[in-house]
Amino acid sequence: MGAKVLFDKGAKLAAIYPRIRLVYGDLDSVELIEAEAATTDIVYHFANCDHEASATAIAKGLTRRQRTGAGYWIHTSGTGILGIETLATGEFGNMLPKVYNDWDGIEELKSHPDEAPHRKVDKIVLASHSDKVKTAIVCPPTIYGPGRGPDNTRSMQAYMIAEAFLKHKKSFKIGKGENVWHGIHVQDLSELYLLLGEAAVNGGPPATWNEEGYYLAENGSFKWGDVMQGIANIAAKQGLIPDSTLEENSPEEAEEYFHNAKYYVGTNSRGISIRGKRLLGWKPIQCSLEDELTEVVNNEAKLLGLVKSHAENVQG
């Protein structure tokens, strides 16, 4: 088994997984990526859903495999791609009615316009499948919860919000904050990847691949305004910000808090996962995003040095 890692992360991985052969490089090491893909059976691509060169290298490598049987490519996209309606209408912070699904709505998921987020790499994956290359695109929404890996255990959107509120000592929402996303706990998400990998090892079924290999991965929806209010309430209760009032910001004003805020927390991204549950028996069992918010705030407060960790408290 091989894993391509960045230089500074190899030692951590090697210490925990000594039987894995590590290959050192980055996403621009396209010749290396192609060569490794050409000699492997299953490629999991978690690194970057907008890096076209590395995706092209994976496609080329899998296409020229000489091993018996098909090579499998399990690619990570993201439901930011479903925000195309908000981007087209400018209705940031408003709820839009469009809801996708990955069962009878799979054709829509594969035919977004080129200007949709992540679409360019999605197209590379979709164009690469053949009898020799079987592909599946996993499309997670807002990811939350602690990861179980040796390095990064922190996700993005909710954590970025908490960090911004704590740094700026005030909180916001974009427009009315009525826009809807879905969420998935990172440990539930990893189970879907595991099920797809097991299907690949066993020749493909019961998973579907290629034209029917698109998997939304979610466990319920929320309004961003509600999540932001929840974060503000927790932070204010802990004395980390003066009060929990959310300022109603324009998309442009929200940029004060973090880059691309309108894309991360101002769009609608509504997509229901059916395929993984129906075919693979995938069952998300972890807590909701709302139930994780106290941990989100506590984690960001510790990283910012605003509160002591448990170990620091013990040491005095």
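The values are calculated or read from the model by the stated rules, or taken from the named source; none is laboratory data. It should be emphasised that the depicted structure is a prediction, and the values quoted were computed from it without experimental measurement. Neighbour counts are summed over all protein chains in view; Cβ atoms, including those assigned to glycine, are modelled from backbone coordinates with ideal geometry.
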- Task: Mind listing whichever residues of the stretch 1-15 are assigned to a helix (DSSP H, G or I) and either surrounded by 10 or more Cβ atoms within 10 Å (Cβ to Cβ) or modelled with pLDDT under 55 (or both)?
- Result: Phe7, Lys9, Gly10, Ala11, Lys12, Leu13, Ala14
- What's the number of the condition Leu280 fails, among (1) out of contact with any Leu (no Cβ under 6 Å at 6 or more places or on another chain); (2) in contact (Cβ under 8 Å) with a residue 12 or more places away in the chain; (3) farther than 15 Å from Ile184 by Cα? (1)
- Message: Pairs please, first residue from the stretch 234-258 and closer than 24 Å to Lys302 by Cβ and in contact (Cβ under 8 Å) with a residue 40 or more places away in the chain, second anywhere and of a type in the set (Lys, Arg) and in a strand (DSSP E or B), Cβ atoms under 6 Å, 6+ apart in sequence or on different chains.
- Response: Leu246/Lys173
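Quick grid of which residues meet (1) part of a helix (DSSP H, G or I); (2) touching a strand residue (DSSP E or B) at 6+ places or on another chain (Cβ under 9 Å); (3) touching a residue at least 60 places away in the same chain (Cβ under 8 Å):
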position	(1), (2), (3)
Ile33	yes, yes, no
Ala53	yes, no, no
Gln66	no, no, no
Tyr72	no, yes, yes
Leu87	yes, no, yes
Phe92	no, yes, yes
- Pick from the stretch 116-160, criterion among the aliphatic types (A, V, I, L, M) and out of contact with any strand residue (DSSP E or B) (no Cβ under 8 Å at 6 or more places or on another chain), ranking: farthest from Asp50 (Cα to Cα): Met160
- Tell me, yes or no, whether the stretch 278-294 has at least one residue that is in contact with a Lys or Arg (Cβ under 8 Å, 6 or more places away or on another chain), modelled with pLDDT of 95 or more and buried (at least 17 other Cβ atoms within 10 Å of the Cβ). no
- Query: Do we find that Asp114 is over 26 Å from Phe222 (Cα atoms), part of a loop (DSSP other than H, G, I, E, B) and not small (Gly, Ala, Ser) in this structure?
  - Reply: yes
- Can you name the strands (runs of 3 or more DSSP E) wholly within the stretch 132-238 that have at least 3 residues being in contact with a Cys (Cβ under 8 Å, 6 or more places away or on another chain) and either crowded, with 21+ Cβ neighbours inside 10 Å or at pLDDT below 95 (or both)? 214-216
- Please find, within the stretch 239-270, the residue that is surrounded by the fewest Cβ atoms within 10 Å (Cβ to Cβ) out of those that are within 23 Å of the chain's Cα centre (by Cα), assigned to a loop (DSSP other than H, G, I, E, B) and of a type in the set (Ser, Thr, Tyr). Tyr257
